[in-house]
Amino acid sequence: MCSVEDDGDIQPKRKDHSQSLQGKKCVKCDQPGVLVTRIHDSFCKTCFQVYVIHKFRAAIGKSKLIREGEQVLLAFSGGANSSALLHLIRDGLSERAHRKLRFI
């Protein structure tokens with residue numbers, strides 16, 4: 001929903017999520033939660049990063065859109081989404097990765 005300010009500008013109403021995290025623990029490690037992904041799922045920073053990496057790798061592996069030997073062009077705008085995608089791919093392809101990301 002939106003609200004109209006005194007000067008005529010329309011501003012979206014923002015929900016206060018600070019109370020939704022009060023007393024919530026990370027679903028993986030029982031540390032204080034800093035992020036809620038769904039109503040009942042709160043994560044600490046470290047567990048959220050592991051969760052996102054796992055979901056990304058699972059989506060790449062399941063879709064099988066990229067075959068071995070194919071070249072991939074990654075559009076990079078410099079924004080947060082492009083940076084996150086580049087980071088996920090770089091870490092997945094690095095030699096130090098626990099399980100190296102492979103394209104089949």
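The values are calculated or read from the model by the stated rules, or taken from the named source; none is laboratory data. These numbers come from a predicted model, not from an experiment. Using ideal geometry, Cβ is built from the backbone for each residue, glycine included, and neighbour counts are taken over all protein chains shown.
Some points to look at:
- Extreme residue, modelled with the highest pLDDT, among residues of region 19-30 that are exposed (fewer than 15 other Cβ atoms within 10 Å of the Cβ) and not in a strand (DSSP E or B): Cys29
- Within region 31-58, the residues that satisfy the criterion of being crowded, with 16+ Cβ neighbours inside 10 Å, touching a Ser or Thr at 6+ places or on another chain (Cβ under 9 Å) and at pLDDT 85 or above are Ser42, Phe43, Phe48, Tyr51.
- Flag: Ile66 does not match the condition of being modelled with pLDDT under 85, surrounded by 12 or more Cβ atoms within 10 Å (Cβ to Cβ) and part of a helix (DSSP H, G or I).
- Residue match in region 85-94 (condition: at pLDDT below 80 and loosely packed, with under 12 Cβ neighbours inside 10 Å): yes
- Of the numbered criteria (1) surrounded by 11 or more Cβ atoms within 10 Å (Cβ to Cβ); (2) in the same structural domain as Leu93 (by TED's automatic domain parsing), the one Gly79 fails is (1).
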